[in-house]
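Beneath this line is the structure, given in structure tokens, with notes to follow.
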Amino acid sequence: MKNLFFLIILFSTISFSQKFSFEQSIGKFENASSFYIAPNGFIYVTDKGNDEVIQLDTMGNLLKDVGGFGWNQAQFDEPVDVFADPLSVYVTDKNNHRIQRFDRNLNFISQLYTRENDNPDERFGYPLSCVVSNQGDLYVLDSENKRIVKFDLFGNFKLQFGGIDAGEFALNNPTSMSISANGIIFIADQNFLITFDQFGNGISKINFDEQINSLEILFDKIIVTTKNKILLAKTTEESIEFYSLLLKDNLNESIVSCLLFNDKLYILTQKKILIYLSSSD
């Protein structure tokens, strides 16, 4: 039955698009690498230029920032990804080979580091992303071994998948990861969008005609960006159809990532967040 759930229609078959107009920009970053918007509206940004994680509200007010270069708690060596749920914020600390967990106010809680563990299946190095399911399971995108490593709520190893033994679903050069509310894991791997269920079984492998630059899921909406396109779909449909999001105002900066929140399109660039409103014309 799982193979029937995702009948993904490529963006080459898009029949319509939605237009957005620029409203404002917020934030000021050195070299932003990712962002996420928690259900409570807090925006979290990883700035690898300053090795910081920044908390903003939706008006752009700076609420808190933590970090600085280092290995100690709440320090980073290239934070590349952030994921947030209502209670916690998870930061992928790439060159320190760990995931740091904070509360929603960016107070340090714990870290997950397994690179020197005895069991090779649970080791991860140079992680690129992490997500948490509604059941509390933590998934880490392990770039050193080109696979996903899954842990439970307490950091205990559960399984690894997507590695060289995964056949047609083996990851080649994965760059980003996200998870839907029903526990489907989405991986961007060059031109491919690959999906797995929560047990590590491959579901689909879809070939785009451009390399995927970013991948984000917020609530029931998935946004994929390529060099020239912003594509949106709903993850709750039995067949997922991507359609284009068009910007009425020229964007002169490279897109790092995109999120749709409260009918506003948030576009992260290296230096700031651009906010667009849906336009009827």
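The values are calculated or read from the model by the stated rules, or taken from the named source; none is laboratory data. Treat the numbers as computed from the prediction; the structure is a model and nothing was measured. Cβ coordinates were reconstructed from backbone atoms using ideal geometry, including for glycine residues, and neighbour counts include every protein chain displayed. Protein only, heavy atoms only, side chains kept; ligands, DNA and RNA dropped before computing areas. Shrake-Rupley method; radii C 1.70, N 1.55, O 1.52, S 1.80 Å.
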### Task
Taking only the stretch 22-80 into account, find how many residues are buried (at least 17 other Cβ atoms within 10 Å of the Cβ) and assigned to a strand (DSSP E or B).
23
## Note on the structure
Restricted to the stretch 209-241 and to residues being assigned to a loop (DSSP other than H, G, I, E, B) and modelled with pLDDT of 90 or more, the residue surrounded by the most Cβ atoms within 10 Å (Cβ to Cβ) is 212
## Note on the structure
Matching residues in the stretch 125-149 (open to solvent by 10 Å² or more (accessible area, probe 1.4 Å), charged (D, E, K, R) and either at pLDDT below 95 or not in a loop (DSSP other than H, G, I, E, B) (or both)) number 1
### Task
Look through the stretch 246-260, keep the residues that are open to solvent by less than 10 Å² (accessible area, probe 1.4 Å) and touching a residue at least 60 places away in the same chain (Cβ under 8 Å), and return whichever of them is nearest to residue 192 (Cα to Cα).
257
### Message
Within the stretch 225-235, take every residue that is free of Cβ contacts under 8 Å to residues at least 60 places away in the same chain and in contact with a Ser or Thr (Cβ under 8 Å, 6 or more places away or on another chain) and give me the one that is farthest from residue 162 (Cα to Cα).
### Response
230
### Query
How many of the residues in the stretch 103-152 are among the hydroxyl-bearing types (Ser, Thr, Tyr) and in contact with a Cys (Cβ under 8 Å, 6 or more places away or on another chain)?
1
### Message
I need every pair where a residue in the stretch 156-181 that is closer than 19 Å to residue 122 by Cα has its Cβ under 7 Å from the Cβ of a residue that is of a type in the set (Val, Ile, Thr) and part of a helix (DSSP H, G or I), sequence separation at least 6 or different chains.
### Response
170/164
#### Entry: Selection count where residues are under 25 Å from residue 258 (Cα atoms) and surrounded by 19 or more Cβ atoms within 10 Å (Cβ to Cβ), scope the stretch 150-174
2
### Task
Could you grab me the full set of residues in the stretch 261-281 that are hydroxyl-bearing (Ser, Thr, Tyr) and surrounded by fewer than 18 Cβ atoms within 10 Å (Cβ to Cβ)?
278, 279, 280
### Within the stretch 253-281, tally of residues that are closer than 23 Å to residue 209 by Cα and modelled with pLDDT under 90
1
### Task
For residue 183, work out the one condition from (1) open to solvent by 10 Å² or more (accessible area, probe 1.4 Å); (2) in a loop (DSSP other than H, G, I, E, B) it doesn't fulfil.
(1)
